[in-house]
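The values are calculated or read from the model by the stated rules, or taken from the named source; none is laboratory data. Everything numeric here is computed off the predicted structure, so don't read it as measured data. Please note: Cβ atoms are built from the backbone with ideal geometry, for glycine as well, and neighbour counts cover all protein chains shown. Ligands, DNA and RNA are excluded from the accessible area calculation, which covers all protein heavy atoms including side chains. Shrake-Rupley method; radii C 1.70, N 1.55, O 1.52, S 1.80 Å.
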Amino acid sequence: MRASQNINGGPEKRKPPVFNRVMKQKLAVTVGIVMLALTALLVRAYLIQDENNEEYSKIVLSQRQSEYTSATIPYKRGDIYDRNGNRLATSEKVYNLILDPRQMADAEGRSEDGSRRRNVVEPTIDALCEYFGYDREELSGIIADRSSSSYVRYQRYISYDQKQGFEAYVEEKNAEFLKSENAEVRKNQIRGIWFEDDYNRKYPYGSLACNVIGFASADGSVGTGGVEQYYNDQLTGTNGREYGYLNDEADLEKVIKPAENGNTLVLTIDANIQSVVEKYIKQWQDGTGSLEAAVIVMDPNTGEVLAMADSDRYDLNDPRTVEGFTDEEIYQLGLQECIYDYASKNPDALKLTKEQVPELYQQSEIMSLGQVAAWNQIWRNYCVSDAYEPGSTQKIFTVAGALEEGVINRTDTFQCEGNLQFSGSGHTWRINCVNRNGHGLLDVTGGITNSCNVVMMEIALKEGEDLFLKYEHAFGFGEPTGIDLPAEGSGLGLSGDIGRVDLATRSFGQNYTCTMIQMAAAYCSIVNGGSYYKPHVVSRIVDENGAIVKDFEPELVRETVSTDTCDFIKNALFETVETGTGGAAAVAG
């Protein structure tokens with residue numbers, strides 16, 4: 001056998017087998033070490049991820065969460081009904097048109113060659129202008145200026161029909177774009193518009209019972225005047241929320257927390273009686289007229305107010321109109337308000353005159369304050385807030401207290417010579433009767449039917465200051481009635497140490513003031529036999545499902561005088577309209 005040779009002709013040298021085995025072993029060890037390191041690294045990474053999975057998920061989801069905003073689900077403000085089920089106030093479902101300029105910009109984007117992927121802004125503006133008649137320049141400016149915003153409320157109170165019509169219009173237009181043979185037209189798309197749920201407060205009867213109902217703010221959260229203000233916490237509800245979020249699998253999910261709607265009020269007001277009252281107030285004002293005319297109708301056995309109105313009325317659907325005021329009247333009101341405003345801000349300064357106001361206030365400021373003053377005049381509920389000298393309507397209470405205490409008898413007589421004179425501190429006062437020539441001899445009933453001041457003064461002087469004031473307070477004069485309406489006044493109350501002259505004049509309703517609701521509640525006490533009920537305008541509160549939340553039963557405050565005394569007074573009042581001075585108040589039948 002010949003030995004093998006290399007290229008040089010020498011014998012070929014072979015590597016020893018031991019050397020190959022060593023190299024393979026080293027390679028195997030190296031690979032093993034690398035595999036162990038990788039395995040350890042993977043294990044460590046897994047443990048870190050497992051321990052911090054929730055935290056990392058939150059970070060990732062929070063970064064993407066910004067793409068999905070939550071939406072408010074508005075509550076529905078509670079309705080208001082009259083006692084017969086007529087809806088006096090309600091909240092109608094409407095929609096707000098929302099622009100999403102950011103979505104429009106993202107949808108347009110740019111391709112790699114720099115061209116737009118889609119044409120969105122212009123087609124969207126075209127659609128809005130064509131369907132709603134919006135101003136193109138205004139829309140373009142808003143979308144450009146707020147390009148990074150996803151929420152721009154552009155119009156409120158869009159009806160359901162308008163919303164449905166526009167959505168159908170958009171669907172049709174987008175379908176047309178896609179079917180076009182023109183590649184550029186196919187890029188057109190209307191996007192970035194959506195509708196937000198909302199409610200709009202409506203008053204189906206306009207100005208009916210405006211000062212009892214009041215009105216609510218645009219968002220339905222705040223009531224102004226009437227039961228809208230007094231029961232605002234019952235009428236308002238709680239907004240719900242719709243949340244959009246990404247779960248652990250990065251899928252979009254929604255959670256809805258429904259809104260809680262406000263409760264509904266059922267009033268004691270009768271819309272039919274209310275409309276009759278308002279009709280005749282208007283007739284009076286259009287005819288004879290007066291600075292203020294007002295009427296209250298009450299159920300004397302419960303204290304329920306069936307109607308309440310005055311000559312200042314306004315449309316609840318448009319409460320900020322001042323059609324009854326001229327610009328000059330508003331200006332004059334503004335001058336007076338500026339004087340008050342200056343005095344409050346400068347308590348140590350001299351009082352401004354009307355002539356000085358224009359030197360310190362701009363014309364626009366004067367008119368603005370005047371407009372607010374005009375609103376307050378219109379919205380003010382005269383029957384509850386304003387006080388006046390009651391005059392002869394007071395006389396029955398003077399008689400009732402004296403009879404109840406036995407100070408006088410029903411058959412007692414008094415001589416009226418046209419006036420009474422009072423002397424004191426070197427001065428003499430002569431207080432006249434309505435009949436300056438005198439009524440002559442009158443009994444107690446005659447004192448009422450003839451509305452005789454002298455008889456009332458004589459009775460009050462017999463009664464004395466303490467007893468007189470006792471019954472004035474028993475009938476509710478000098479303190480609020482507690483009626484469930486805002487801004488109730490109490491008048492200039494009766495206090496001790498009033499003196500003989502004050503006692504005499506107050507006996508026939510002068511030299512003190514009361515509110516109409518005080519007088520009406522006091523008369524109800526006489527009519528029902530001596531029970532004074534708290535007047536109220538809400539009979540019950542119910543939830544959105546009709547379940548009763550609160551039922552207002554008649555609230556007896558106190559007893560005033562006996563049934564016998566009330567019967568005598570009622571008979572005298574009947575005689576007053578039959579044969580006495582109150583003939584104009586007689587009711588046919």
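Between ARG153 and LYS257, how high is the FRET efficiency from 1/(1 + (r/R0)^6) when r is the Cβ-Cβ distance and R₀ = 25 Å? Nearest 0.05.
0.70
Let me cross-check TRP429: its accessible surface, 1.4 Å probe, with only protein heavy atoms counted, in Å² to the nearest 10?
Counting only protein heavy atoms, TRP429 exposes about 100 Å² to solvent.
Over 27 Å apart: what share of the alpha carbon pairs of region 393-537 falls there, rounded to a whole percent? Before the final figure, lay out the partial values.
Values: 2361 of 10440 pairs.
For region 393-537, the share of Cα pairs beyond 27 Å comes to 23 percent.
Take the alpha carbon atoms of region 203-345, find their radius of gyration, then divide it by 2.2 N^0.38 Å using N residues; give the quotient.
Against the compact-globule rule of thumb, the ratio is 1.54.
Stick to Cα atoms and the Kirkwood definition of Rh, then tell me Rg/Rh for the chain.
Rg/Rh: 1.31.
Using the Cα atoms of region 92-166 to build a convex hull, what is its mean projected area in square nanometres?
Taking a quarter of the hull surface, the average projection is 5.4 nm².
Tell me, what % of the accessible area of the chain is carbon and sulfur with a 1.4 angstrom probe?
It is 49 percent, rounded to a whole number.
Over region 163-212, how many percent of alpha carbon pairs lie in each 5 Å bin up to the one with the longest distance?
It works out to 4, 15, 16, 12, 10, 8, 7, 7, 6, 5, 4, 3, 1, in whole percents.
For region 461-589, what is Rg from Cα atoms divided by 2.2 N^0.38 Å, rounded to two decimals?
Ratio of Rg to 2.2 N^0.38 Å for region 461-589: 1.27.
Helix 563-578 against the longest principal axis of the chain: what's the angle in degrees, Cα atoms only, rounded to the nearest 10?
Computed tilt is about 80 degrees.
For region 261-388, what ratio Rg/Rh do Cα atoms give with a Kirkwood hydrodynamic radius?
Looking at region 261-388, the ratio lands at 1.09.
Compactness ratio of region 355-440: Cα Rg over 2.2 N^0.38 Å, N = residue count?
Relative to the 2.2 N^0.38 Å estimate, region 355-440 comes out at 2.01.
Taking each pair of distinct Cα atoms in region 473-544 once, what is the resulting Kirkwood hydrodynamic radius in Å?
After inverting the mean inverse Cα-Cα distance, the result is 13.8 Å.
Scan region 303-369 for GluC sites (Glu not before Pro) in coil per DSSP, keeping those whose Cβ has at most 16 other Cβ atoms within 10 Å, and list them by number.
Numbers: sites: GLU304, GLU323, GLU328, GLU329, GLU337, GLU355, GLU359, GLU365; in loops: GLU323, GLU355.
Here the GluC sites (Glu not before Pro) that fit, given the DSSP loop and packing criteria, are GLU323, GLU355.
Starting from the Cα of ASP497, move 7 Å in the Cα-to-Cβ direction to define the label point; list residues of region 429-465 whose amide nitrogen is under 11 Å from there.
The answer is none.
Which loop trypsin sites (Lys or Arg not before Pro) in region 399-478, with loop taken from DSSP, have no more than 14 other Cβ atoms within 10 angstrom of their Cβ?
When the trypsin sites (Lys or Arg not before Pro) of region 399-478 are filtered for loop state and at most 14 Cβ neighbours within 10 Å, ARG410, ARG436 remain.
In cubic angstrom, how much convex hull volume per residue do the alpha carbon atoms of region 125-194 span?
About 99 Å³ per residue, rounded to a whole number.
Leaving ligands, DNA and RNA out of it, work out the accessible area of SER150 with a 1.4 Å probe and give it in Å² to the nearest 10.
40
What is the helix-to-structure angle for 136-145, meaning the angle in degrees between its Cα long axis and the longest Cα principal axis of the chain, kept from 0 to 90 and rounded to the nearest 10?
Taking the Cα atoms of the chain, the angle to 136-145 is about 60 degrees.
Over the chain, give the accessible area per residue in Å² for a 1.4 Å probe, as an integer.
Numbers: 32640 Å² over 589 residues.
On a per-residue basis, the chain sits at 55 Å².
Could you check how many percent of all C-alpha pairs in region 61-203 are farther apart than 18 Å?
Beyond 18 Å sits 65 percent of the P(r) for region 61-203.
When the helix-only estimate is applied to the chain (DSSP H runs of n ≥ 4, each -39,500 (n - 2.57), divided by the residue count), what is the mean residue ellipticity at 222 nm, nearest 500 deg cm²/dmol?
After summing the helix terms and dividing by the residues of the chain, the value is -13000 deg cm²/dmol.
Using only the Cα atoms of region 441-515, what semi-axes does the equivalent ellipsoid have when each is the square root of 5 times a gyration tensor eigenvalue? Give whole Å, largest first.
25, 15, 10
Is the shape of region 172-266 rounded, prolate or oblate, going by the alpha carbon gyration tensor and its root eigenvalues a ≥ b ≥ c, with a/c under 1.5 for rounded and a/b larger than b/c for prolate?
It comes out oblate by the Cα gyration axes.
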